[in-house]
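The numbers here are math on the coordinates, done by the rules we state, and not lab data. Note that this is a predicted model, so its numbers are computed, not measured. Cβ coordinates were reconstructed from backbone atoms using ideal geometry, including for glycine residues, and neighbour counts include every protein chain displayed.
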Amino acid sequence: MVFAEDITKDYAAELGFTLKSMQLDAAVAMLRRHDVLITARTGFGKSLLYIMAPTLYDRHDMFSGASQKPHGSAVLIVFPLLSMIEDNILKIKKLVPDKVITHLSSDSTLDHELKSSHFILTTPESLLSVTGRSLLRDKEYTSRLRAVFIDECHCIITQYVNTIINQSVD
């Protein structure tokens, strides 16, 4: 039997962290394929969950006997602002330097690097681009995609509601 809690605690310790109970509960729920919504203050440590996710999914698969994905698990992280992507790329590289991190922009091309990334960071606009939509239809990538994280979802919702309202006024 897989002990999702133990796998999560062990990996957090490897990275130098002791998880708060909400972080641990959320990580275990993710590994059990539940949807998770976390609302917590800035600095709480929500981003640690998506930083840990690809390795957690791979270890969970290994210990549970599930088939290992050929290039490892992948996560897609959506941010409302480009500056947040840049900050998070640095944060991820610092904690997990062995993982492939890619920024999906509107002018990205669907190539091997993009499809084999462990982390793809993007904005809603770029995700809706031709390349973003192609990525989400690509079987090689989607077979590895384990989770989609939306950071600052309240900003994204507000931004798009305002866009829809403005378009309907025009």
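Counting only alpha carbon atoms, the long axis of helix 4-14 and the longest principal axis of the chain meet at about 90°.
Averaged over residues, the count of other Cβ atoms within 10 Å places the peptides 45-58, 136-149 in the sequence 45-58, 136-149, highest first.
All Cα-Cα distances of segment 1-44, cut into 10 Å bins from zero to the largest, leave 27, 53, 19, 1 percent in each bin in turn.
Considering segment 23-82 at the alpha-carbon level, its Rg and Dmax are found to be 12.8, 39 Å.
In a Debye calculation with equal point scatterers on the alpha-carbon sites of segment 79-138 and no solvent, what is log10 I(q)/I(0) at q = 0.13, 0.21, 0.28 Å⁻¹? Each listed q maps to, in turn, -0.31, -0.79, -1.19.
Over 18 Å apart at the Cα level, from the set Lys9/Lys93; Lys20/Lys46; Lys9/Lys46; Lys46/Lys91, are Lys9/Lys93. The alpha carbons of segment 3-154 occupy a box of 40, 37, 27 Å along the principal axes, longest dimension given first.
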